[in-house]
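Below is one structure; the comments refer to it alone.
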Amino acid sequence: VVSSLVKIQTSADGRKNDLQSISEKVLNRWKEEKGKTLLGLSTGITELDKRCHGFREGHYWVIGAYTNVGKTTFAAYLTAQLLKNYPTSSFAFFSVEMSDEQIFEKILNQYFEADVFSIRDQIDQYRGRIDDLKHQKLFIYDNKRTVGDIRISLVDLRAQNMLPKVIFVDFLQNIY
């Protein structure tokens, strides 16, 4: 099943590739987008939204940096912003480096803008908000090690009508 799913590719067959056809598509899209500055889901960072116009369908972002500079924390921040701004949408976070619990703690830290130890030590103050948060459609995976595994999880979520609007894959270098 995995090898069959991995072979599935999207095809551009049947599309016109001449400049006249492409320019018509662009002009029609511009007409629909006129006056809009946010063309996707907000990243939660005004300056970033100005530059990229939000998370848009089909876009692929890679955040690269040296070890221990905050890539996972940044992804957790973006996830927390999406959860706050789009509470009825579905999102997925695949971690090939940290456990699902560690990722959840990082997201909590960003969501509540509080140190995870403070949240832990003052759990009574946060319990209701955590209960609300845990009903959102965020799926955190720490056991998917291949592109095929991730794809199968996404196919499964689509079958449940929960296909994520944004997918985070933390630590591409560790994927088999």
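The values are calculated or read from the model by the stated rules, or taken from the named source; none is laboratory data. The structure presented is a predicted model; accordingly, all values stated were derived computationally and were not measured. All Cβ positions, even for glycine, are placed from backbone atoms using ideal geometry, and neighbour counts span all protein chains on display. With ligands, DNA and RNA removed, areas are computed over all heavy atoms of the protein, side chains included. Shrake-Rupley method; radii C 1.70, N 1.55, O 1.52, S 1.80 Å.
GLY40 is checked against (1) in contact with a Gly (Cβ under 8 Å, 6 or more places away or on another chain); (2) open to solvent by 40 Å² or more (accessible area, probe 1.4 Å); (3) not hydroxyl-bearing (Ser, Thr, Tyr) and fails just one. What number does that condition carry? It is condition (2) that GLY40 fails. Cβ-Cβ distances below 7 Å connect the following pairs, each with a first residue in segment 148-175 that is within 17 Å of TRP61 (Cα to Cα), a second residue that is open to solvent by 60 Å² or more (accessible area, probe 1.4 Å) and assigned to a helix (DSSP H, G or I), and a separation of six or more residues or different chains: ILE175/VAL147. Looking at segment 104-140, which of its residues are of a type in the set (Val, Ile, Thr) and either modelled with pLDDT under 90 or buried (at least 17 other Cβ atoms within 10 Å of the Cβ) (or both)? Selection gives ILE107, ILE119, ILE140.
Within segment 54-65, the residues that satisfy the criterion of being under 23 Å from ASP100 (Cα atoms) and either over 13 Å from the mean Cα position of the chain (by Cα) or surrounded by 10 or more Cβ atoms within 10 Å (Cβ to Cβ) (or both) are TRP61, ILE63, GLY64, ALA65.
One residue stands out among those in segment 44-88 that are modelled with pLDDT of 90 or more, out of contact with any Phe, Trp or Tyr (no Cβ under 6 Å at 6 or more places or on another chain) and among the aliphatic types (A, V, I, L, M): the one that is farthest from VAL116 (Cα to Cα), which is LEU48.
Scanning segment 50-89 for residues that are among the β-branched types (Val, Ile, Thr), closer than 19 Å to ASN109 by Cβ and in a loop (DSSP other than H, G, I, E, B) yields ILE63, VAL69. Just need a number here: residues in segment 141-176 that are assigned to a helix (DSSP H, G or I) and either of a type outside the set (Ser, Thr, Tyr) or open to solvent by 70 Å² or more (accessible area, probe 1.4 Å) (or both). So the answer is 15. Filter segment 66-82 for residues that are over 19 Å from GLU47 (Cα atoms) and free of Cβ contacts under 8 Å to residues at least 60 places away in the same chain; which is most open to solvent (accessible area, probe 1.4 Å)? So, considering only residues that are over 19 Å from GLU47 (Cα atoms) and free of Cβ contacts under 8 Å to residues at least 60 places away in the same chain, the one most open to solvent (accessible area, probe 1.4 Å) is TYR66.
Of the residues screened, TRP30 is one that is in a helix (DSSP H, G or I), without any contact (Cβ under 8 Å) to a residue 60 or more places away in the chain and either in contact with a Leu (Cβ under 6 Å, 6 or more places away or on another chain) or open to solvent by 30 Å² or more (accessible area, probe 1.4 Å) (or both).
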